[in-house]
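A quick write-up on the structure given underneath.
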Amino acid sequence: TMLRLFRVLGRLRACRHWTKITELSARLSSTKAAPRFRRMDYQDAVCTLNTLQTNASALEQVKRERGHPELQLQAMRGFLQRAGLKVSLDLCIVCFLHSLFSSPHLVQVRERIRINGQPIGKELFTKYFWQVYCRLEETKDAHGGSMPAYFRFLTILAFHIFLQEKVDLAVFEVGIGGAYDCTNIIRRPWVCGISSLGIDHTSILGDTIEKIAWQKGGIFKPGVPAFTVKQPDGPKKVLQERAEEIGCSLSVCPDLEKYQSEGSLRLGLAGHHQRSNASLALQLSHTWLQRHFLTDPASSSPVEFSGVSPAPAFQPSPAMIKGLAETEWPGRNQTLKHGPVTYFLDGAHTTRSMQACVRWFNEIAPQHERNAGGPVVRVLLFNATGERDCGAMLKLLVPCFFDFAVFCPNITEAIATCNADQQNFNVSVENMLTRCLDNQQSWRVLNGQEEKPEAELLIGGGLPLVAERHRDTLVFPCILSALQWISQGRDSVLSDPNKCVIPVKPSINAKAALLREAVNIHVLITGSLHLVGGALKHLDPALNS
């Protein structure tokens, strides 16, 4: 059954059952949904999918909390008292945002499964979701009574959709790690690639870069060519050992400047680190084209390990050059200009990716400031989730000299209802809000304000005696309230009458005088892809369609 396949998939024994995937997919496509599911729409499908985010006991707790809004109100009331915000109680029934995945969707879950570069349509998602879900629901009692977890379900759903839609080529990104990731089911992919490694998910992957490299190298397959970008000596050695152990070739991608092209290759993505990503993309696509369209079958025979070698640079085709130049990736080194307010969005959530984010921001922000024609205010909007070292990331951001540091949880807006695509059943409201206050205090300490921790918590009716630029900090209960305060009505997109305006204390509004007087406001939004996605939900309405 499909459920049994899920179980072995999680332990990587499903690799020998790949042929069963195609058989089961064919069976599912002809399976009619149970009568009680026939009228379910896209939102029903996403809400049902969200229930797979947690285990059974945790889900029961979530159901109890959602059935008793006063539990959420208690958490919000305590937060408001500590942060000095004044929000009417009818706006305090908050809904959860996102779950803890390595590369989450930004606005809608359909972004995770794309065909020809576009998220699949709602009708297609709904159709195939219920085919898979109903089959599992019908057979689960005979196999332990449990459903697959959220990401595992989406992985099999993606396989099912790609098979049914008869795609020519599927590109899969692992969820977490590689060796034990549920995507690692393909016995013989065309090619494998590993991008720049960083420290993340240490409780699962290990607490050193070498341990993480071992996990990442688990996607290598016997006789299948593998590529990576330049890595430090430690993880490079581990990847080399994994390639030798598994029996595949491993090549290191050249610098982008070495490819034979008339003039420099132009990238649609900003940030210096995207150049190594582009080189990896070129090698992966070039290898697939060679192996897939070779006229001599003997030349596509399995490759064996022969040490780590440099991958040869080549002449990119016009289609490759066009693809690099026109690539768009929302939430990564993205700039949005809304009149006098410019947003710089990057989902950096590790120390290494934050270093890249800071380098990008320090390059691009001054360019915008030189053209402003007057004073510019810099604002940091930050949040981080899970086990990540917020202090280390915030330390990297201090030299950017922000006039305001604003913190908020990954909650899109404090309203009674929320889009099901952005519900989270893994993190409590109390935990999210407490994390924001901790981040605020860390920022104060990093800026040498630990001697007066109460000076600017904005509790009470007055302003601090001394207003210090580059050190003002605020905490808001949701992303929308933070964006509305930062923009001060100067962003027409956020001034949409359909958006609820969150009331705040007069003392907090008084602190925004600097924002109202500036010619331009520059906002860096970073620390979490969930935060960036929640911000884009409000800043780019097209992503909601």
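The values are calculated or read from the model by the stated rules, or taken from the named source; none is laboratory data. For clarity, every value in this text was computed on a predicted model and none was experimentally measured. Neighbour counts are summed over all protein chains in view; Cβ atoms, including those assigned to glycine, are modelled from backbone coordinates with ideal geometry. Note: accessible area is taken over every heavy atom of the protein model, side chains too, but ligands, DNA and RNA are not part of it. Shrake-Rupley method; radii C 1.70, N 1.55, O 1.52, S 1.80 Å.
Computed values, structure above
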read-out	value
Residue ranges of helices (runs of 4 or more DSSP H) in segment 156-267 with at least 2 members of a type in the set (D, E, K, R) and either in contact (Cβ under 8 Å) with a residue 40 or more places away in the chain or out of contact with any Cys (no Cβ under 7 Å at 6 or more places or on another chain) (or both)	209-216, 233-246
Criterion: open to solvent by less than 40 Å² (accessible area, probe 1.4 Å) and touching a helix residue (DSSP H, G or I) at 6+ places or on another chain (Cβ under 7 Å) - qualifying residue of Phe402, Phe407	Phe407
Any hit, segment 168-180, residues being assigned by the TED database to the domain that holds Phe220, of a type in the set (Asp, Glu), open to solvent by 50 Å² or more (accessible area, probe 1.4 Å) and at pLDDT 90 or above	yes
Pick from segment 509-526, criterion more than 23 Å from Asn498 (Cβ to Cβ) and in contact with a helix residue (DSSP H, G or I) (Cβ under 6 Å, 6 or more places away or on another chain), ranking: surrounded by the fewest Cβ atoms within 10 Å (Cβ to Cβ)	Leu524
Hits in segment 377-395 - residues which are more than 19 Å from the chain's Cα centre (by Cα), open to solvent by less than 50 Å² (accessible area, probe 1.4 Å) and at pLDDT 95 or above	Val377, Arg378, Val379
Filter result for the condition that a residue is open to solvent by 20 Å² or more (accessible area, probe 1.4 Å) and assigned to a loop (DSSP other than H, G, I, E, B), over Arg332, Arg359, Arg352	Arg332
Qualifying residue in segment 63-73 (condition: within 26 Å of the chain's Cα centre (by Cα), under 22 Å from Cys478 (Cβ atoms) and at pLDDT below 65)	yes
Flag for Leu284 being open to solvent by less than 30 Å² (accessible area, probe 1.4 Å), in contact with a Gly (Cβ under 6 Å, 6 or more places away or on another chain) and in a helix (DSSP H, G or I)	no
Residues that are of a type in the set (A, V, I, L, M, F, W, C) and not in a loop (DSSP other than H, G, I, E, B), drawn from segment 483-507	Leu483, Trp485, Ile486
Any hit, segment 75-91, residues being at pLDDT 75 or above, open to solvent by less than 50 Å² (accessible area, probe 1.4 Å) and not small (Gly, Ala, Ser)	no
Members of segment 94-109 that are touching a helix residue (DSSP H, G or I) at 6+ places or on another chain (Cβ under 6 Å) and either modelled with pLDDT of 90 or more or polar (S, T, N, Q) (or both)	Ser99, Gln108
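Residues checked against (1) among the aliphatic types (A, V, I, L, M); (2) more than 22 Å from Gln355 (Cα to Cα); (3) open to solvent by less than 20 Å² (accessible area, probe 1.4 Å):
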site	(1), (2), (3)
Gly223	no, yes, yes
Gln240	no, yes, no
Glu244	no, yes, no
Lys258	no, yes, no
Ser264	no, yes, no
Leu269	yes, no, no
His272	no, no, no
